[in-house]
Amino acid sequence: MQVFKVFIKTDDRGFLDLKFGGNAEVAFLDRGLPKRSPKISWEKVPGAKSYALEIVDYDASAVMGKPFIHWVVGNIMSTELPENASKEDKNILQGINSLTEGYWRSSLSPEQKQASNLDNSDYIGPMPPDRDHHYLIQVYALDVAHLDLKPPFFINHLHDAMRGHILGLGRVEFKYPQMRAR
């Protein structure tokens with residue numbers, strides 16, 4: 001498996017710009033939530049026909065009892081997701097983030113679960129409540145142009161669809177500061 005570099009702009013201490021998370025100015029928030037995705041790019045992998053991406057906060061395990069999924073993306077045809085691609089790029093296929101209430105053990109009706117899953121199939125920025133958190137971006141280079149995924153889908157569905165098609169993996173971390181009081 002080929003290893004390749006992934007790039008995201010951070011400050012000299014590894015922190016992502018505040019506008020991409022919960023500490024953003026109100027102008028960058030969408031109904032009070034950080035939904036503006038950062039620019040992420042990576043090296044081209046020979047033979048790759050598409051790419052997939054995930055952003056996971058493993059530091060959230062101490063707060064939530066599990067990692068927090070911030071963004072799941074499949075069927076990326078280039079080596080870059082421009083800033084705000086989550087809202088503006090209609091060609092990418094986005095999976096469900098951890099803000100959804102539409103999971104198996106939910107008390108919501110099937111219709112409400114479906115609506116929650118669809119509403120949360122996009123980027124949700126960092127909002128660490130307890131301390132600064134580290135976030136892991138993983139990009140997968142794939143030997144297929146299209147993953148057979150139907151919205152809404154979870155991160156495990158992405159992994160199932162990619163199985164046997166991964167040519168390479170790139171990863172990078174960034175940090176985001178603890179949420180401050182407003």
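The values are calculated or read from the model by the stated rules, or taken from the named source; none is laboratory data. Bear in mind that the values here come from a model prediction, so they are computed numbers and not experimental data. Here the Cβ is made from the backbone with ideal geometry for all residues, glycine too, and neighbour counts use every protein chain on show. Accessible surface is based on the protein model in full, side chains and every heavy atom, while ligands, DNA and RNA are left aside. Shrake-Rupley method; radii C 1.70, N 1.55, O 1.52, S 1.80 Å.
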Segment 1-68, accessible surface, carbon-and-sulfur percent (1.4 angstrom probe): 53 percent
Within segment 104-154, trypsin sites (Lys or Arg not before Pro) in DSSP loop having at most 16 other beta-carbon neighbours inside 10 Å: Arg105, Arg131
Dipole-positive endmost among Leu169, His146, Pro110 within segment 2-176 (Cβ charges, Cα centre): His146
Chain lengthening between Asp130 and Val144 when straightened (0.36 nm per residue, less Cα-Cα): 1.0 nm
Computed magnitude of the charge dipole of segment 15-102 (debye, nearest 20; Cβ of K, R +1, Cβ of D, E -1): 200 debye
Exposure of Ser61 as accessible area (Å², to 10), given a probe of 1.4 Å and all protein chains: 50 Å²
Largest to smallest accessible area among Met77, Met1, Met179 [probe 1.4 Å]: Met1, Met77, Met179
For segment 2-176, accessible area per residue (1.4 Å probe, heavy atoms of protein chains only), Å²: 51 Å²
